[in-house]
Amino acid sequence: MKEQLLNLLKKDAWYKGEVKLSSGKISNFYIDVRRVSLSSEGSYLISHLIWDLIKDDEISAIGGPTLGADPIVGGVCMVARINKKNLGGFLIRKTPKEHGRQQLIEGKELLEGERVVIIDDVATSGSSLIKSIEVLKKEKVRIVKAVSVIDREEGATENLAKFNCPLVSLFKKSDFFD
C-alpha cells in the first residue's frame, strides 16, 4: 500500500520547477499532496496508512490546519469507524470565522485534557503544525504526535520537538529522489 501511494504521489503530485513555499522559501520542486488526497485512490491509501500509524494511540480526535488536513481528516475518521473506533475530526482555521460562532477550531468540540493527533499533508518547517499546537494548547488539549504525508526534511522534525511533539511521516523528501 505504501509503495502504491509513493508511485501515485510521484505520478500525480510531483512538480519539478521553481515554486514559492508557504514559508516564503523558493524550492526547485513541489509535491502537491492534495492532487492525490482528493482522489478516491489517494484518499483510501493515505487514510489507511495514517490509521495504521495512530490506531494504537489513545486519542479521541484527529485534525490539523486547513486546507492540507481537510481531506485526510475525513478519510482517517472513516477508516477509524470501519475499524470500530469512534474518532472525531477537527480543522483549525488560519483566522476565526467572521460569522456564526466565529470559531477557530471547526468540527469536534475539543475538551480540556483530550488527547489528539494533528496531521498535515506536507511538513516543511512545521510552522502550520506549530500554529495548530499553539491553538490547541490554549484549549488545554494534549497533542500526542503530529503526522504528515511528506516531510520535506527542512526543519519540521526539529521544530516540533521543541514543543514535545514528535513528527511521524509516511514519506520523506529523500523518498522522491532515486
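Values for this structure:
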| item | result |
| --- | --- |
| Residues satisfying the stated conditions in the range 67-89, i.e. assigned to a loop (DSSP other than H, G, I, E, B) and without any contact (Cβ under 8 Å) to a residue 40 or more places away in the chain | L67, N83, K84, K85, N86, L87 |
| Any hit, the range 139-152, residues being among the basic types (K, R), outside any loop (DSSP other than H, G, I, E, B) and closer than 26 Å to K20 by Cα | no |
| Residue list for the range 8-33, filter: exposed (fewer than 11 other Cβ atoms within 10 Å of the Cβ) and either of a type in the set (S, T, N, Q) or at pLDDT 95 or above (or both) | K11, N28 |
| Subset of the range 137-152 (residues that are buried (at least 21 other Cβ atoms within 10 Å of the Cβ), of a type in the set (A, V, I, L, M) and either farther than 14 Å from V168 by Cβ or in contact with a Lys or Arg (Cβ under 6 Å, 6 or more places away or on another chain) (or both)) | V141 |
| Selection count where residues are part of a helix (DSSP H, G or I) and either acidic (D, E) or without any contact (Cβ under 8 Å) to a residue 60 or more places away in the chain (or both), scope the range 111-138 | 7 |
| Residues of the range 27-48 satisfying the condition of being basic (K, R) and more than 14 Å from N7 (Cβ to Cβ) | R34 |
| Residue, surrounded by the most Cβ atoms within 10 Å (Cβ to Cβ), within the range 153-178, restricted to residues that are of a type in the set (G, A, S) and not in a helix (DSSP H, G or I) | S169 |
| Enumeration of residues in the range 13-38 that are in contact (Cβ under 8 Å) with a residue 24 or more places away in the chain and under 19 Å from the mean Cα position of the chain (by Cα) | W14, L21, S22, S23, I31, V33, R34, V36, S37, L38 |
| Neighbours by Cβ (under 9 Å, 6+ apart or cross-chain): first from the range 39-52, without any contact (Cβ under 8 Å) to a residue 40 or more places away in the chain; second among the polar types (S, T, N, Q) and surrounded by 19 or more Cβ atoms within 10 Å (Cβ to Cβ) | S43/S37; S47/S37 |
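The values are calculated or read from the model by the stated rules, or taken from the named source; none is laboratory data. Remember, predicted model here, so these are calculated numbers, not experimental data. Glycine also receives a Cβ, built like all others from the backbone with ideal geometry; neighbour counts cover every protein chain displayed.
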